[in-house]
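Chemist: Have a look at the structure that comes next, please.
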Amino acid sequence: MLRRRLSVQRSFLALLVLTVALYPAAAKKKPPAHPININTAGSADLQQVPGIGPSTAQKILDTRKSYGSFKTVDDLLAIKGIGPEKLEKMRKYLTVGKSPSKKQSTSPQTAAAPAKPPPTKSLAKQTGTPAPTTSDDEEP
């Protein structure tokens, strides 16, 4: 009886050591080899980025669908769960490029309304300065 108990304890201890030893390797994901374009990436692509899991990837896709293309990587700050610290850790793995162009009809009934800009957390709250505004009418 005592031998069996010791055997069970040793097995448990071995399993515990193995689990602890392998956990860090499984917990960290390998970052993508090249930056991910947040305007064209799908959920699986976004999840390659450290700090983006299935839930955050879906939030990014939903925001992009609702508001159109992201202008900068900083637009991700409008997404709940992505704060300045998290964004800084992810920034080197992300890029913003043009989203795939969609054919637009010339008829007024089916012409798409212009995309709304993504919601932004108040820049005034973060830095004490008003958020810059841009207009489609302005030239760079």
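The values are calculated or read from the model by the stated rules, or taken from the named source; none is laboratory data. Please read all numbers here as calculations on a predicted model, not as lab measurements. Glycine also receives a Cβ, built like all others from the backbone with ideal geometry; neighbour counts cover every protein chain displayed. To get the accessible areas, we keep the full protein, side chains included, count just its heavy atoms, and leave off ligands, DNA and RNA. Shrake-Rupley method; radii C 1.70, N 1.55, O 1.52, S 1.80 Å.
Chemist: Does ALA111 fit the bill of being over 23 Å from PRO32 (Cβ atoms), open to solvent by less than 70 Å² (accessible area, probe 1.4 Å), in a helix (DSSP H, G or I) and modelled with pLDDT under 95?
Modeler: So ALA111 does not fit the description; no.
Chemist: Here are some conditions: (1) at pLDDT below 95; (2) open to solvent by 90 Å² or more (accessible area, probe 1.4 Å). PRO24 meets all but one. Which one does it not meet?
Modeler: So PRO24 meets the others, but not (2).
Chemist: Now a separate question. For segment 35-72, what are the residues that are farther than 15 Å from LYS89 by Cα, open to solvent by less than 60 Å² (accessible area, probe 1.4 Å), without any contact (Cβ under 8 Å) to a residue 24 or more places away in the chain and not hydroxyl-bearing (Ser, Thr, Tyr)?
Modeler: Of everything in segment 35-72, those that are farther than 15 Å from LYS89 by Cα, open to solvent by less than 60 Å² (accessible area, probe 1.4 Å), without any contact (Cβ under 8 Å) to a residue 24 or more places away in the chain and not hydroxyl-bearing (Ser, Thr, Tyr) turn out to be ALA41, GLY42, ALA57, ILE60, LEU61.
Chemist: Taking LEU76 as the residue in question, decide whether it is without any contact (Cβ under 8 Å) to a residue 40 or more places away in the chain and either open to solvent by 50 Å² or more (accessible area, probe 1.4 Å) or among the hydrophobic types (A, V, I, L, M, F, W, C) (or both).
Modeler: yes
Chemist: Would you call GLY81 surrounded by fewer than 18 Cβ atoms within 10 Å (Cβ to Cβ) and on the phi > 0 side of the Ramachandran plot?
Modeler: yes
Chemist: I'd like the full set of residues that are modelled with pLDDT under 95 and in contact with a strand residue (DSSP E or B) (Cβ under 6 Å, 6 or more places away or on another chain), limited to segment 68-108.
Modeler: GLY97
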